[in-house]
Amino acid sequence: MTARGIARRPPRLSIESWWLGVAPLAFLAVFFVWPTTALIARGLGDAVGSSLPWSRMASAALTTLTLSTVGTVLTLAIGLPAAWALFRRHWMGARFATALATVPFVLPTIVVATAFRALTRGMHFADTKPGMLATIVAAFVFFNVAVVVRVVGPVWAQLDDRQFWAARTLGASSFRAAMNVQLPALTPAIVAAAATVWLFCSSSFGVVIVLGGGSVATIDTEIWLQANRFLDLGAAAFLGIAQILVVASTLLVASLLRGRLRGSGLSRGAAQAKRPSGPRGVFAIVAALSPAFVVFAVPLSALVWRSVRTRNGIGLDYYARLFDGHELAGVASSAASAAGRSLTIAVVTATVATTLALAVALVATRRRRGGWLHIGVLLPLGVSSVVVGLGSLLTLTRRLPGGFSLVDADLLVPAAHIVVALPLAATVIAPALRAVDPRLRAAAATLGASPTRVFALVEWPLIRRSVAMAAGIAAAVSLGEFGATTFLVRPGAPTLPTLIFHLLGRPGAENLGMAFAACVVLAVMTLAVAMVSDNPRAGRMMT
Amino acid sequence: MTTHEGPPGLTLTDVGVRYGDVVAVDGATLTVDVGEIVAVTGPSGGGKSSLLSAIAGIVAYTGRIAWNGEDLANVPVHRRGVGLVFQDGQLFPHRSVARNIEFGLEMAKVPAARRREVVTELLDLTGLTGLGDRPPTELSGGQRQRVALARSLAVSPRVLLLDEPLSSLDASLRDRLGTEIRDILKARGTTTILVTHDEAEAERIATRVVRIDGGILRPL
Amino acid sequence: MRTARMLVTTSFIVAVTALSACSASSPSRVSASPGVSASPGATARPTGTVTVLTHDSFAIPDATVKKFEQASGLTVKFVAAGDGGALVNQLVLTKDAPLADVVYGIDNTFASRVGDAGILLPYASPAPAASSKISAGLPATKGLTAIDFSDVCLNVDLTYFASHDLAAPKTLDDLLDPKYRDMVSVTNPATSSPGLAFLLETVAAKGDGWKDYWTALKANGLRVTSSWSDTYFVDFSAPNYGGDRPIVLSYASSPPSEVIDGKPTTAALLDTCFRQVEYAGILKGTDNVAGAQAVVDWMLSDDFQSEMPNSMYVYPVSDTASIPQEWLDYAPLSPKPWSMSPTEITTRRDDLVKEWTGLVLG
């Protein structure tokens, strides 16, 4: 049976949706696609005629896949219970704990890796290859639990409890009800978080290099080695292409998984966090948070400890030295100005990235093929910062006609940060958008609300918290960004992470202590940013 | 070509809805006079909701849907003057009952004083007097459906579409609310299409019943 | 709407293609106003802006830069390009349209690669430091001027050996002695530049026997880390750090930082040093040759040279620059460091690193 006649379609609920995609696409085109393709093209040109280290590259690919998968699975196993405890239960200090969970994400990899190494140094196991791999995975978990918590948490908080309770009344235990009812509703968010974590693991460079002692080779470290040590841009280009293919396939798989399990529209708006019920409830929370706590607490407390352990006992000497206004590490800059610079860049990044991410998420959830935009936007997460960094130097440092240069305007670093923050922010916002029942929008439209007003008056109040969370994560990413920043930052104008890196390059107990102290300062800044952006009242301020 | 000739009321001519390869509605032809309450019954999956979605303009359709002779093709949802009440109400969770009801009036830029008047009138009409400041989460199922109805009625739509409005309520409430709804609709003379799988309910509320099965519409 | 979507995707593809094509053609340069070009015999003051491309460890006090700017009338801008390897990549990649006028920070492991690539404009600076005794002793490369150097040496924890009643090792061969088992930590030459220097040193010292040397080192409990900060801050047993290895790879300039209450706790093994040199050069495409030359001269001036120890932990090539007292006391240079010609380094480096990796990490 076929429908007859000409299809006369009333316009869809949001008419201009695809146009929203222009701004984020243009941004990524200039600041990511152009540098990457330029470098790869150049490298391929160089590669003609030379022989490539195929077996090395193949084993690097295998190691990458294994480490990333194991890392992702473990991060989910530890992060999901933590997300439950932080977003589904209401208890004193939950907000602080949530903000704390974001801190590892921003810490410069070199410091964390050093802290991990210091912790495992005594153990012989840690010196063996399996030991190194295990430590690397532990570091992955340490960094990435934040992603799971911030992506899945808010969506979980908005889920309608009624279906859950309906299942309970039908005889399902709490756990089974959760598995059968909430899990499917959460799956899109979980898949999004898992894909992001996988990408971070696969493109993690600092952690693998330091904890692997240079003997564990992943695609990302190989790219760095080939490009910056062997000066073999051909091999780097091939590896870069391999990496992009791996990343694209991962994203494809993730989106297929997600496509099968569309959001159930269970979002009902009001946060459903309940108080824990009795000692069993409290015990559940403690149990859910313990693994995450252990993974966090040990390295973080080591950091704090090292920052206050001075020659003359416990004291804040290193902090004082950091902020006494003198030039540090020979760098013509003080820690205060580096911190200020990092903060300014973070605010810019958060604002721009969140706005662009909202556009991406709208297109991704409204348009049938919109998911491709979301995938495209995730690509930069998985591509080596060496490729992007070198490519940026090759393409973006030119002077435009009229004398304007991105370098002079100090725009390169924020641009690089936005490229990395945008996909994360979109990953936080998209599930929230998807969780809004399309029928709610339809109801508003039938009441006379144009598509723009439907968004402003109906959807925005429901996704506000996720948008604030996205801004928080964007700011956090910017605060801790190191890989691309080292390529683009101007000497004499460091960010806090690059300053820490400088401090770690100079001998002396003072430099080491100051590096740890600066790390703690960075952590505190992140905490503050996270707490501000997570504040439900702040969410209301954004209206 | 918009003319105001042609029969008054809602006219569906050969309307079809398909999702990919699946045909949900096939060649539906129906006329609803002004003030009529037509019930559309049929089994689940028979195409009832899709028909309503087409009339509301939420999905693409083939064929012609006209109001008072004026073709509604290419008229966006928010300008069609079609009200829609869902099975689960779809109240805006972050707005109070009163603010839910006045939503459509806000969109129509009705001044605040007049809005308050209309809201009070509708709260009384639907038996919700005094509940204006409550958040929707504090209401019972029946109360929520009344708010949904009040909300849609506030803008005096040309056509009101009710998609299984009582299905989520228990039997006694269904009977009671069903009668109330019929009285309200008759009093205001609202042209209504009601979708339900409960034939008895259809008989009770509507002035005419048609049936849709496998996408094909048949009068009963 | 379909048109909107098509338009967006098409313009995206077009934009990217156009931009990529753009990057193949010659772009305009970053250096701003050109200065007076150096015509033979001209004594005109150089003006304008000089851009210096350097690596991310570069540091020099603002005051020193300003003093030079005021005296010379030039404006000096620094642009960093990542680490040493990235710096060289930068130069090679943007050869046709260089981003800067001067490059600083190429070290001897990459020097001849850059020298041969036709990127540099040779310049023999008249500054006295260029022809100092120290400079004369450093490996020279076409087109590059040596600005500073450092010695990569093993450092020992004196307190450890004192408390264990053990004599500290002195030479490379001493490290193979079983009484120093499990005491050595060095860095990976693939990932760390001092690590590479140490590898080259063993090749220079042992010739073809370097492979046996490393095998023996490994058998004696060698630990390899990925970077200097790892080895120094985590493994070194010096009182400041509390690690478990008393013999680590570091620099001759490190001991002054470990002086506690006026007494040195560490020392460099001066028989195990490799000399690393850093060079500066003028890039061929510069349109401010006079300015670039003035900057290179400035880098050889005592003002600049005297800041190098504190800012970058390197030794100046100038005989007359002032060296911090604690360096004179605790950071002597090696009288006979090992070294290798930049050309040989460029030819052999990749193969050496690959062989080493198979040997030691395999």
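Can you tell me which residues in the range A:228-247 are in contact (Cβ under 8 Å) with a residue 24 or more places away in the chain and either within 24 Å of A:Trp198 (Cα to Cα) or away from chain C (no Cβ under 13 Å) (or both)? Residues satisfying the conditions are A:Ala235, A:Ala236, A:Ala237, A:Phe238, A:Leu239, A:Gly240, A:Ile241, A:Ala242, A:Gln243, A:Ile244, A:Val246, A:Val247.
Identify, from the list C:Leu53, C:Leu154, C:Leu144, the residue that is closer than 20 Å to C:Asp287 by Cβ and in contact with a helix residue (DSSP H, G or I) (Cβ under 7 Å, 6 or more places away or on another chain). So that I can check it myself, show each step before the final result.
Numbers: C:Leu154 fails: closer than 20 Å to C:Asp287 by Cβ; C:Leu144 fails: closer than 20 Å to C:Asp287 by Cβ.
After ruling out the rest, the residue left standing is C:Leu53.
Residue-level check: of (1) touching a strand residue (DSSP E or B) at 6+ places or on another chain (Cβ under 9 Å); (2) farther than 20 Å from B:Arg182 by Cα; (3) surrounded by fewer than 18 Cβ atoms within 10 Å (Cβ to Cβ), B:Leu72 misses just (3).
Residues are listed down the side, and each one gets a yes or a no for (1) within 8 Å of another protein chain (Cβ to nearest Cβ); (2) outside any helix (DSSP H, G or I); (3) under 30 Å from B:Thr129 (Cβ atoms); (4) in contact with a His (Cβ under 7 Å, 6 or more places away or on another chain):
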| site | (1), (2), (3), (4) |
| --- | --- |
| B:Pro7 | no, yes, no, no |
| B:Leu12 | no, yes, no, no |
| B:Gly27 | yes, yes, no, no |
| B:Leu30 | no, yes, no, no |
| B:Val38 | no, yes, no, no |
| B:Ile55 | no, no, no, no |
| B:Asn74 | yes, yes, no, no |
| B:His94 | yes, yes, yes, no |
| B:Ala98 | no, no, yes, no |
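Residues that are more than 25 Å from C:Thr231 (Cβ to Cβ) and surrounded by 23 or more Cβ atoms within 10 Å (Cβ to Cβ) do not occur anywhere in the range A:507-515. Give the residues of the range C:170-188 that are touching a residue at least 40 places away in the same chain (Cβ under 8 Å), within 21 Å of C:Leu352 (Cβ to Cβ) and more than 9 Å from every other protein chain (Cβ to nearest Cβ), sorted by residue number. Once the filter is applied, which keeps residues that are touching a residue at least 40 places away in the same chain (Cβ under 8 Å), within 21 Å of C:Leu352 (Cβ to Cβ) and more than 9 Å from every other protein chain (Cβ to nearest Cβ), the range C:170-188 yields C:Leu172, C:Leu175, C:Leu176, C:Val184, C:Ser185, C:Val186.
Is it the case, given these coordinates, that B:Gly89 is more than 7 Å from chain A (Cβ to nearest Cβ) and over 16 Å from the mean Cα position of the chain (by Cα)? No. Criterion first (surrounded by fewer than 24 Cβ atoms within 10 Å (Cβ to Cβ) and more than 9 Å from chain A (Cβ to nearest Cβ)) does C:Ala252 satisfy it? Here the answer is no, as C:Ala252 does not meet what is asked. When A:Ala85 is tested against the conditions (1) closer than 30 Å to A:Gly382 by Cα; (2) more than 20 Å from the chain's Cα centre (by Cα); (3) surrounded by fewer than 23 Cβ atoms within 10 Å (Cβ to Cβ), the lone failure is (3).
Taking A:Ser334 as the residue in question, decide whether it is in contact (Cβ under 8 Å) with a residue 24 or more places away in the chain and either touching a strand residue (DSSP E or B) at 6+ places or on another chain (Cβ under 8 Å) or of a type outside the set (A, V, I, L, M, F, W, C) (or both).
no
Within the range B:79-86, is there a residue that is in contact (Cβ under 8 Å) with a residue 12 or more places away in the chain, more than 9 Å from chain A (Cβ to nearest Cβ) and under 23 Å from B:Asp170 (Cβ atoms)? Among the residues of the range B:79-86, not one is in contact (Cβ under 8 Å) with a residue 12 or more places away in the chain, more than 9 Å from chain A (Cβ to nearest Cβ) and under 23 Å from B:Asp170 (Cβ atoms), which makes the answer no. Looking at this structure, is A:Arg280 open to solvent by 50 Å² or more (accessible area, probe 1.4 Å) and at pLDDT below 75? When the stated conditions are applied, A:Arg280 does not pass them. Look at (1) part of a helix (DSSP H, G or I); (2) at pLDDT 80 or above and you find that A:Ala217 fails only one, number (1).
Each row is one residue, and each column tells you yes or no for (1) open to solvent by 20 Å² or more (accessible area, probe 1.4 Å); (2) closer than 30 Å to A:Leu159 by Cβ.
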residue: B:Gly89; (1), (2): no, yes
residue: B:Phe103; (1), (2): no, yes
residue: B:Gly127; (1), (2): yes, no
residue: B:Leu131; (1), (2): yes, yes
residue: B:Pro136; (1), (2): no, yes
residue: B:Gly142; (1), (2): no, yes
residue: B:Leu153; (1), (2): no, no
residue: B:Glu164; (1), (2): yes, yes
residue: B:Leu169; (1), (2): no, yes
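Taking the conditions exactly as written (surrounded by fewer than 24 Cβ atoms within 10 Å (Cβ to Cβ), within 14 Å of chain A (Cβ to nearest Cβ) and in contact (Cβ under 8 Å) with a residue 24 or more places away in the chain), does C:Pro239 satisfy them or not? Criteria met by C:Pro239. Report, by residue number, each residue of the range C:47-57 that is surrounded by fewer than 21 Cβ atoms within 10 Å (Cβ to Cβ) and either under 24 Å from the mean Cα position of the chain (by Cα) or on the phi < 0 side of the Ramachandran plot (or both). Answer for the range C:47-57, where residues must be surrounded by fewer than 21 Cβ atoms within 10 Å (Cβ to Cβ) and either under 24 Å from the mean Cα position of the chain (by Cα) or on the phi < 0 side of the Ramachandran plot (or both): C:Thr47, C:Thr49.
Filtered by the rule that a residue be assigned to a helix (DSSP H, G or I), open to solvent by 10 Å² or more (accessible area, probe 1.4 Å) and more than 12 Å from chain A (Cβ to nearest Cβ), the range C:214-231 gives C:Thr215, C:Ala216, C:Lys218, C:Ala219.
The values are calculated or read from the model by the stated rules, or taken from the named source; none is laboratory data. None of the values given here were measured: they were computed from a predicted structure. We place every Cβ from the backbone using ideal geometry, glycine too, and count neighbours over all the protein chains shown. Note: accessible area is taken over every heavy atom of the protein model, side chains too, but ligands, DNA and RNA are not part of it. Shrake-Rupley method; radii C 1.70, N 1.55, O 1.52, S 1.80 Å.
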